[in-house]
Amino acid sequence: MPDLLVIVLKLLAVAAAFGVLPLLVGQAEHKVMAHMQGRLGPMYAGRFHGWAQLVADGVKFAQKEDVVPAAADRRIFKLAPAVAIVPYLLVLLVVPIGPDGQVAVDLGVGLFFALAVMGVGVIGAIMAGWASANKYSLLGGMRVAAQLMSYELPLVFAASSAAMAAGTLSLPGIVEAWRWYWLPWQAVGAVVFFVAGLAELRRPPFDMPIADSEIILGPYTEYGGLRFAFFLLAEYAGIIVLSALTAVLFLGGWKGPFLETELGWLWMLLKVFALSFVVIWLRVSYPRMREDQLQKLAWAWLVPLALAQLALTGVLKVAF
């Protein structure tokens, strides 16, 4: 098969996954929250188990008027949703789903690229808060910036531990080097990476920037219609990306108990959806943290744990 055709097919596959997987996570969140919290609404739209809830939400967003505040910076205001969502599409390009080249782009520094681009996605919310000409939006944007600075450090340290253990920054290379006995001594790094990623996505209980009881909806207060829907889609896409990176770095990616070559994509998807379920479970189970608690968790716990994990990995690499 010509190389150009292979590239086009891989890009189409990534685009299809980007369009479908976040919607599946959104639908799953409706159902999981309905069961865990006894919510009746999401279980009735379309009758059979509320299958049409996501369709109803999409129609609702499409019908809403697109309003731009008079005092807003119109160009930045309109650009912010795209800045929030496009980086997650780019990250999916370097995430392997199976062995033997089952990745859209195999970068030698794929991990560095993924972490850098994920940080760009957070800037979309900061842009939205600054451009909205709303004091609540600005406050939410400043909280996003503070959260990014606090949790980017443990996120990078934890990911560096996995890269050091594998001896490469290539995501397919990390999966190839992964062994089952990494699970116990990389467990702390996995937890730190996952928690820090949740904080960067501003998912509950780390949703201080969009605390509706305090600042309405933070940087998204002035957004409506499809622009607001894009921010929601970016959140669900971020869940997929975070789950995929956690699976690749700490859970062996496509590796499974049997038929890794034939069913590697299936093991990868199962791990991604299992971690996505954990994200939803945490939203249902824990209340929102205060700002001081959020910062204390980052600097007093996650950063020291990530550094300890990095040191442990270095010692074990030298010893063995």
Quiz item: In this structure, does Val175 turn out to be within 26 Å of Leu92 (Cβ to Cβ), in contact (Cβ under 8 Å) with a residue 12 or more places away in the chain and open to solvent by 40 Å² or more (accessible area, probe 1.4 Å)?
Solution: no
Exercise. State whether one or more residues within the stretch 183-194 are surrounded by 18 or more Cβ atoms within 10 Å (Cβ to Cβ) and closer than 27 Å to Ala80 by Cα.
Key: yes
Practice problem: Report, by residue number, each residue of the stretch 118-147 that is open to solvent by less than 10 Å² (accessible area, probe 1.4 Å), under 19 Å from Lys78 (Cβ atoms) and not hydrophobic (A, V, I, L, M, F, W, C). | Solution: Gly121, Gly124, Gly129, Ser132, Ser137, Gly140, Gly141
Quiz item: Which pairs do you get when a residue that is hydrophobic (A, V, I, L, M, F, W, C), found in the stretch 59-85, comes within reach of a residue that is modelled with pLDDT under 90 and exposed (fewer than 14 other Cβ atoms within 10 Å of the Cβ), reach meaning Cβ atoms under 7 angstrom, with the pair 6+ apart or on two chains?
Solution: Val68/Arg74
Practice problem: Of all residues in the stretch 274-290, count the ones that are touching a helix residue (DSSP H, G or I) at 6+ places or on another chain (Cβ under 6 Å) and open to solvent by 50 Å² or more (accessible area, probe 1.4 Å). | Solution: 0
Exercise. For residues that are open to solvent by 70 Å² or more (accessible area, probe 1.4 Å) and without any contact (Cβ under 8 Å) to a residue 24 or more places away in the chain, scanning just the stretch 294-318, find the one that is farthest from the chain's Cα centre (by Cα).
Key: Val318
Quiz prompt | Candidate set from the stretch 195-212 (those that are modelled with pLDDT of 90 or more and of a type in the set (Gly, Ala, Ser)); member that is surrounded by the fewest Cβ atoms within 10 Å (Cβ to Cβ) | solution = Ala199
Quiz prompt | Selected residue (only one of Tyr220, Tyr236 is within 26 Å of Pro81 (Cα to Cα) and at pLDDT 90 or above) | solution = Tyr236
Quiz item: Based on what the data block shows, is Ala16 at pLDDT 90 or above and over 26 Å from Arg283 (Cβ atoms)?
Solution: yes
Quiz item: Restricting the search to the stretch 153-202, which residues are assigned to a helix (DSSP H, G or I) and of a type in the set (Ser, Thr, Tyr)?
Solution: Ser160, Ser161
Practice problem: Within the stretch 252-266, track down each residue that is among the hydrophobic types (A, V, I, L, M, F, W, C), open to solvent by less than 60 Å² (accessible area, probe 1.4 Å) and under 19 Å from Ser170 (Cβ atoms). | Solution: Trp254
Quiz item: helices (runs of 4 or more DSSP H) wholly in the stretch 1-114 with at least 3 residues that are open to solvent by less than 60 Å² (accessible area, probe 1.4 Å) and hydroxyl-bearing (Ser, Thr, Tyr) - which ones?
Solution: none
Practice problem: Would you mind telling me which numbered condition in (1) free of Cβ contacts under 8 Å to residues at least 60 places away in the same chain; (2) over 18 Å from the mean Cα position of the chain (by Cα) Ala211 fails? | Solution: (1)
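The values are calculated or read from the model by the stated rules, or taken from the named source; none is laboratory data. Worth saying up front: this structure is predicted, and the values here are computed from it rather than measured. Glycine also receives a Cβ, built like all others from the backbone with ideal geometry; neighbour counts cover every protein chain displayed. What goes into the accessible areas is simple: the full protein's heavy atoms, side chains included, and nothing from ligands, DNA or RNA. Shrake-Rupley method; radii C 1.70, N 1.55, O 1.52, S 1.80 Å.
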